[in-house]
Amino acid sequence: MEMSLPLTFAAGLLWGAAAFTIVGALTAGLVLAERKVSARIQGRVGPMHTGPHGALQTIADMIKLVMKEDVRPARADATAFRLGPLLVAVPAILSLAVIPFGAPLVMRDLNVGVLYFLAIPGVTVIGLLLAGWASYDNYSFLGGLRSSAQFISYEIPRSLTVVTVVMLAGSLSTVDVLDAQATVPYAVLLPFSFFLYCVTSLAEINRLPFDMPEAESELVAGYHTEYSGFRWALFFLAEYAGFFAAAAFGAVLFLGGGNGPLLPPIVWLAVKTAALLFIGMWIRFTLPRFRADQLMRLAWKVFLPASLANLVLAALIMRALGS
Amino acid sequence: MSGAPTNGHAHGAEEVHRPTLEELKERKLYTRQRVHEGQETITVSMGPQHPSMHGVYQAVVDLDGEIIVRTRPGIGNLHRGVEKLAEQMTYHQFIPVTDRLDYVASFAMNHGYCEAVEKLMGVEVPRRARYIRTIAHELTRLANHILWLGVHIMDFGAQTFFLICFRDREYILDLFEMVCGARLTHSYARIGGVSKDLPEGWVGRCRSVVDFLPKRFDEYERLITSNRIFNKRARNIGIFTSEDCNAWRITGPTLRSTGVARDLRKDEPYAAYDEVDFEVAVEYNSDVYDRFLVRMKEMRESCKIIRQCLDNLPDGPYLADDAAHVLPLKKNVLRDSAAMIQDFMHVIHGPHVPKGEVYRAIEVPKGEMGVYIVSDGGPKPQRLRLSTPSFYHGQAVPAMFEGEMLSDSVGIFGSIDVVLGDCDR
């Protein structure tokens, strides 16, 4: 159906607003869950006062963030400073587009969906670098440099790991990958790939033990040190949207996504995603953090060779399965 | 110095290689060689408002990439002129001020000050008071090390451990609350003894705490000692050899991590330390990891010391009976006219003090704390000088940071355990 340009634009705006709202709600839920999980691990109760068991706490936090004064350092580069958070938040939201949440809930079944998912977060690097550089602050600058180095380093083993799934499924479409797992999820066939994916994803989304870019013990808050209010909220949103996307995508690639008996696909995907999210939170509140150079050494000397070896292993498995 | 007791790493019976001074110097040199003069640097200020700096210490570091080239330390943000204050107060009145030196281990500060004043006045402390002081001092050491441990591990990014440590520290603070009503600023020591006797049921409760804590330490060890990330991060960073330690007057666990078994509790015993059996914790690698091991071992030894003191706790007075130098027992003040006059004289005038100078050092949790008093015979010290460990440790920071990575700086700073109240005074 052909649409006039203004109509297309309006529809896009509407979709964008919807996506933003959904991701915002997702983030609110995820933040609350993380606070509750961390409280449980640390022997606390977490937020309790706003709403039943603190359920509305993150909503209140979001309102507070939106209403805050927009502070920009006097010497910051105004355009780049504003562009930074957008370039971080938008790709994180876009990457959710190809996740098959269940039959009617695939926003786009691209024939290169997997590639899209891997490529889109690449834009984030520019955002982080811009934010760090534009803040005119040494903590931010170092944080931006570290995060871009980390992103680029971990993207390679992560992509190589995902390739094994594509090899077995024979398609780059996320829906086809799901269909290929109708009987056996890939976590069973490719356990090593699954492990590598989880670890490199933690690095990719900057979570402990790989949260170098915002290592608060030396760089205050890394690239977003100078940000506050809504712009900071965008970074926060991007972090949690990225966390969710990585977990949901992991569930699709390795755990058979919505496949499962009795319950509708959306429930199965939610359960599997939640399990991966929980593991991510568990790790965050248990382990110490790597050092920047150790992180790089790990990426290039351990994960890259391991993912290459894994590629060969996957080829052998393919051969053995006779497909 | 006493003989160095052997102490293996966490690997158990496995033979541990003890690096020689030359080897350590070589390792240190390797770090130093990463500094190239003349490179363009960027300057980052760590503190005093940095979220992870310990207290209000400032370290302005020049970075070549991630390598620290130069460090300019800044202290004095918490300076309160404690030594000058002492000249305006009688010897009794100064005790609560000592709480505010190292507020994490305030009883140790009370104790060090009282030991010095007692030496000046020639007061004989009753045996029970000496035992109670030993118990309280070791509880302080436990509280200090547990807090240090939580914060130190958080420097390396593990958040939950911090809260675990805080929870365990509560048991010790509760014990102090029972005995003197205060949780942080105890002011429990008095010249000639302690302010109150141990309350009913305290001994049993204290025993259960020191029986329970080693089990917690086992859990800490499981979480941290063999954690691969912590090992990777903490080994071979912040090396400070015994020579460096002597040059910078570094004492306490940091010195003991270099293989030097110096501990004033053993070398110049005070309180009841000559009557208990304990080992001086020593490690040999002189790095951040070994400082952690030394403190872990010290905490176990503290539990041992407390247990022995509780077993042998003698009966008798908890405050010396010495009208010229010591406050009367509070319960007698309103009943006994002699005690009332004694109280009046001490509060209004102050104690009778001979002329002279005295220096007394004790082993507080962070190192050696010395008190130097010059008395002109009046009820107030003519001059009082405190030599606190954090001050010396804080000034060695530039030497420790040189050639290290920015990511390690917070961990290294944490490993020498500096409290700014103790440093700035």
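The values are calculated or read from the model by the stated rules, or taken from the named source; none is laboratory data. Note that the structure is predicted; figures quoted are calculated from it, not measured. Methodologically, a virtual Cβ is constructed for each residue, glycine included, from the backbone with ideal geometry; neighbour enumeration extends over all protein chains shown. For accessibility, only protein heavy atoms count, side chains too; no ligands or nucleic acids. Shrake-Rupley method; radii C 1.70, N 1.55, O 1.52, S 1.80 Å.
Observations, loosely collected:
- Angle between chain A longest axis and helix A:265-284 axis [Cα atoms, degrees, rounded to 10]: 60 degrees
- 12 Å reach of a label modelled at residue B:337, 7 Å along Cα-to-Cβ, counting backbone N of region B:291-328: none
- Using R0 = 25 Å, the C-beta based FRET efficiency linking residue A:82 and residue B:42 works out to 0.55.
- Only helices enter this figure: runs of n ≥ 4 DSSP H residues, each worth -39500 (n - 2.57), summed and divided by the residues of chain A, yield -22000 deg cm²/dmol at 222 nm to the nearest 500.
- Accessible surface, 1.4 Å probe, highest first, among residues B:202, A:300: A:300, B:202
- Cα long-axis angle, helix B:106-121 against chain B (0 to 90 degrees, to the nearest 10): 50 degrees
- Sites matching trypsin sites (Lys or Arg not before Pro) across region B:148-246 that sit in DSSP coil, with at most 14 neighbouring C-beta atoms within 10 Å: B:235
- Integer Hz, Karplus 6.51/-1.76/1.60 couplings in order for region B:331-338, x for Gly and Pro: 5, 8, 4, 8, 10, 10, 5, 4
- Restraint check, B:84/B:366; B:25/B:84; B:297/B:380; B:304/B:331; B:330/B:380; A:36/B:297, Cα-Cα greater than 29 Å: B:25/B:84; B:297/B:380; B:304/B:331; A:36/B:297
- Computing FRET efficiency as 1/(1 + (r/R0)^6) for residue A:22 and residue B:184, where r is the C-beta to C-beta distance and R0 is 41 Å, gives about 0.25.
- Distance cut-off 16 Å, percentage of C-alpha pairs in region A:1-67 lying past it: 60 percent
- Angle in degrees between helix B:160-180 and the longest Cα principal axis of chain B, rounded to the nearest 10: 10 degrees
- Residue B:383 long-range amide H proximity, modeled H, under 5 Å: B:374
- A/B buried area, accessible surface, summed, 1.4 Å probe, Å²: 2500 Å²
- Computed from phi, the 3J(HN,Hα) profile of region A:80-88 under the Karplus parametrisation 6.51, -1.76, 1.60 (θ = phi - 60°) reads 5, 4, 6, 6, x, x, 5, 5, 8 Hz, with x in place of Gly and Pro.
- Across chain B, Cα pairs under 8 Å and at least six residues apart give a relative contact order of 27 percent.
- Heavy atoms of residue B:248 accessible to a 1.4 Å probe, total area in Å² rounded to 10: 90 Å²
- Computed over chain A with a Gaussian network model linking Cα atoms closer than 10 Å, the most mobile of A:162, A:312, A:175 is A:312.
- Residue order by solvent-accessible surface for A:110, A:316, B:147 is A:316, A:110, B:147, largest first, with ligands and nucleic acids left out and a 1.4 Å probe.
- In Hz, Karplus ³J(HN,Hα) per residue of region A:241-248 (6.51, -1.76, 1.60; θ = phi - 60°; x = Gly, Pro): 4, x, 4, 5, 4, 4, 5, 5
- Shielding by partners - mean other protein chain Cβ count within 10 Å, residues of B:399-407: 3
- Within straight-line cross-link reach of residue B:28, lysines at Cα separation under 18 Å, skipping those fewer than 8 residues along the same chain: B:232
- Accessible surface of residue B:258, taken over heavy atoms with a 1.4 Å probe and every protein chain present, rounds to 20 Å².
- Rounded percent of accessible protein surface that carbon and sulfur make up, region B:120-250, 1.4 Å probe: 51 percent
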